[in-house]
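Since the structure comes first, as structure tokens, the remarks are kept for the end.
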Amino acid sequence: MTTTEPFSTTELIVSVAARALAGKTRVFAGVGLPTLAVDLAARTSNPDVELIYESGVCGAHPEAMAEGIADSVVVSGAESVVSMAALFGYVLQGGNVDVGFLGAAQIDRYGSLNTSVIGDWDKPTVRLPGGGGAVEIMPNAGEVFVIMRRHDPAAFPAELDFCTSPSPVRARASGAGTMPRGRGVTKVFTGLGVLSRTGPFDELELTSIHRGVTVEQVRAATGWELKVSDGLTVTEDPTPEEIDLLRNEIDTVRLYLR
């Protein structure tokens, strides 16, 4: 589907991610673009989606755009609020989350994430917030969606500068600990297209490109030899309804939309 309505890259990737949430029940969402996508899904593709926040809020119905996991708007009208220990110990580790929805600074071909440092650990170019709940979300959610505005070799390197959240492939290679219950990252939404994995030990492959983008562009922007799906599709543009909801009902103050 095409639209004559101008839209930003952020509006495109959020709309695509929201459609991918159709049929999912419980989504453990990080604040930012994941929250936008879940909110849009609740108004379009998945009215029954249950939003979970790291602060212990389950079945959230935010009255306004949340600026953080402890923002009071995420509590108002929520189905329940539990301790963080109960949230992680019973809800997440109990296998009750369908999708963990995260952002990242770097991701590798198997879906391991870096949210800690860019550059050398002792003298990093950039020091990032760290793992937060993602360290628990990665192994315990049924699958993980990742949304990233950037798609270039620095964000998609052959080797991460640091691994904050290991994929099942990395966990298996370590030979230590317990294998994660979930499949790890299954979808990555970027400004160029969508990368997907099916099995827990598969590589990410290009499954959809945005209108006007070529396979060669995506491969040049990826730090490894990116596989391309035989069923490669062209991403549908955001609909006028999706654009209107994002701008005029969901993120009216342009907190995350750019």
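One table, with the values for the structure above:
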item: Number of the condition not met by Val185 [criteria: (1) under 18 Å from the mean Cα position of the chain (by Cα); (2) at pLDDT below 95]; result: (2)
item: Failed item in (1) without any contact (Cβ under 8 Å) to a residue 60 or more places away in the chain; (2) buried (at least 21 other Cβ atoms within 10 Å of the Cβ), with Gly130 passing the rest; result: (2)
item: Strands (runs of 3 or more DSSP E) fully within segment 74-186 counting 2 or more residues that are under 20 Å from Lys24 (Cα atoms); result: 99-102, 143-147
item: Segment 35-72: number of residues that are more than 23 Å from Thr10 (Cα to Cα) and surrounded by fewer than 16 Cβ atoms within 10 Å (Cβ to Cβ); result: 4
item: Checking Lys123 against (1) surrounded by 17 or more Cβ atoms within 10 Å (Cβ to Cβ); (2) on the phi < 0 side of the Ramachandran plot, the condition it does not meet; result: (1)
item: Unique match (being touching a residue at least 60 places away in the same chain (Cβ under 8 Å) and either in contact with a strand residue (DSSP E or B) (Cβ under 9 Å, 6 or more places away or on another chain) or over 30 Å from Gly223 (Cβ atoms) (or both)) among Ile107, Ile69, Ile52; result: Ile107
item: Single unsatisfied condition, Val218 versus (1) outside any loop (DSSP other than H, G, I, E, B); (2) free of Cβ contacts under 8 Å to residues at least 60 places away in the same chain; (3) touching a strand residue (DSSP E or B) at 6+ places or on another chain (Cβ under 7 Å); result: (2)
item: Residue count for segment 183-242, restricted to those that are out of contact with any helix residue (DSSP H, G or I) (no Cβ under 9 Å at 6 or more places or on another chain), more than 26 Å from Val97 (Cα to Cα) and small (Gly, Ala, Ser); result: 6
item: Any hit, segment 192-200, residues being touching a strand residue (DSSP E or B) at 6+ places or on another chain (Cβ under 7 Å), of a type outside the set (Ser, Thr, Tyr), in contact (Cβ under 8 Å) with a residue 12 or more places away in the chain and surrounded by fewer than 18 Cβ atoms within 10 Å (Cβ to Cβ); result: no
item: Total residues in segment 230-258, condition part of a loop (DSSP other than H, G, I, E, B), surrounded by 12 or more Cβ atoms within 10 Å (Cβ to Cβ) and out of contact with any strand residue (DSSP E or B) (no Cβ under 6 Å at 6 or more places or on another chain); result: 9
item: Test: residue in segment 38-45 that is at pLDDT 95 or above and in a loop (DSSP other than H, G, I, E, B); result: yes
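The values are calculated or read from the model by the stated rules, or taken from the named source; none is laboratory data. Here the structure is a predicted model, which means the values were calculated and not measured. Neighbour counts are summed over all protein chains in view; Cβ atoms, including those assigned to glycine, are modelled from backbone coordinates with ideal geometry.
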